[in-house]
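**Q** My structure is below; once you've seen it, I'll send some questions.
The values are calculated or read from the model by the stated rules, or taken from the named source; none is laboratory data. Fair warning: this is a prediction, and the values are worked out from it, not measured in the lab. A quick note on method: Cβ atoms are made from the backbone with ideal geometry, for glycine too, and the neighbour counts reach across all protein chains shown. The area values use the complete protein model at the heavy-atom level, side chains included, leaving out ligands, DNA and RNA. Shrake-Rupley method; radii C 1.70, N 1.55, O 1.52, S 1.80 Å.
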Amino acid sequence: MRYLIIIVGAVLVNNFVLSRFLGCCPFLGVSKKMDAALGMSGAVIFVMTIASAVTWCLDHLLLGPLGLGYIHTLAFILVIALLVQFVDIALKRFRPSLHAALGIFLPLITTNCAVLGVAELNTKNNTPFLESVVFSFAAAVGFGFALMLFSGLREKLEKAHPPRCFQGMALALVTAGLLSLAFMGFSGLMKLPY
């Protein structure tokens, strides 16, 4: 039951983009086309889950016992950068069309604060290994869910004719704000462990 609460909480109640406002750069940048949003969601799910597992092991098995906990943020950034390079090389080799569609936003996963934020939250809350991996996977799924919703809304809004002052990014930001308000409705759903 605890894992179900963690999953529902990370996907709906404390969504990293819409409630915690982490990862807004790729959220706004990749959401114009559904294909790019789907690819970015998959890449973030992979990187965030693997990064959480690796950073947990790094923190609990190496940095903590050696008394180097003060450099965990720097170590986490290096781990995330290496994982993103791995995803970049793999996409370039096996899915060049998706690599081209993601463009500059794939390297932005390195600086995506949601990926670093999930590792930092796991360290701060001192969660067990399995819980931290489940939480990071659910947070990444929540990121992808919000990204796909927003991408669908932006594709529909391209056919609309808003006033000139709302065209472009202004309408996207207003839409993201309304989507965030909609997700705030889930906040009374349950008491969260995080």
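**Q** Specify which residue in the list PHE135, LEU58, LEU74 is farthest towards the positive end of the charge dipole of the chain, using unit charges on the beta carbon of Lys, Arg (+1) and Asp, Glu (-1), about the Cα centre.
**A** PHE135
**Q** Still on this structure, please answer the following. May I ask you to derive the FRET efficiency for PHE166 and SER97 from their Cβ-Cβ distance with R0 = 35 Å, giving the value to the nearest 0.05?
**A** 0.60
**Q** Cβ neighbours within 10 Å, averaged per peptide: list 134-141, 26-33, 153-160 in order, most packed at the top. Mind dumping the intermediate values first?
**A** On the way: 134-141: 25.4, 26-33: 20.4, 153-160: 12.4.
Ranking, from highest mean packing down: 134-141, 26-33, 153-160.
**Q** Also, quick follow-up: When all C-alpha to C-alpha distances in the chain are sorted into bins of 10 Å, what percent of pairs does each bin hold, rounded to whole numbers?
**A** Percent of Cα pairs in each bin: 9, 34, 33, 18, 4, 1.
**Q** Here's something else I'd like to know. So, how do all the Cα-to-Cα distances of region 27-118 break down into 5 Å bins, in percent, from 0 on up?
**A** In order of increasing distance, the bins hold 2, 14, 25, 21, 16, 10, 6, 4, 1, 0 percent.
**Q** Could you report region 1-95's accessible area per residue, 1.4 Å probe, as an integer in Å²?
**A** 51
**Q** From zero outward in steps of 5 Å, how is the percent of C-alpha pairs of region 1-81 spread across the bins?
**A** So the P(r) values, bin by bin, are 3, 13, 15, 20, 19, 16, 9, 3, 1, 0.
**Q** Also, I was wondering about something else. Residue separation times 0.36 nm, minus the C-alpha to C-alpha distance between LEU181 and HIS60: what's the value? Please list the in-between numbers first.
**A** On the way: separation 121, 0.36 × 121 = 43.56 nm, distance 3.70 nm.
My answer for the length gained is 39.9 nm.
**Q** Local charge sum around TRP56 (other residues, Cβ-Cβ under 14 Å, Lys/Arg +1, Asp/Glu -1)? List each step's numbers first, then the result.
**A** Values: positive: LYS124; negative: ASP59, GLU120, GLU131.
The answer is -2.
**Q** Which of the aspartates and glutamates could a cross-linker bridge to LYS124, judged by Cα under 12 Å and excluding same-chain residues fewer than eight apart?
**A** The reachable aspartates and glutamates, counting only those whose Cα sits under 12 Å from LYS124, are ASP59.
**Q** If you don't mind, there's one more thing I want to ask. Please give me the summed charge of the neighbours of ALA146: other residues whose Cβ is under 13 Å from its Cβ, Lys and Arg +1, Asp and Glu -1.
**A** Charge balance near ALA146 sits at +2.
**Q** Next up: With a length cut of 30 Å (Cα positions projected on each helix's long axis) and a Kyte-Doolittle mean of at least 1.6, go through the chain and give me the DSSP H helices that pass.
**A** Helices meeting the criterion: 72-94.
**Q** Where the convex hull is taken over the Cα atoms of region 106-194, what is its projected area averaged over directions, in nm²?
**A** On the way: hull surface 30.4 nm².
Seen from a random direction, the Cα hull of region 106-194 projects 7.6 nm² on average.
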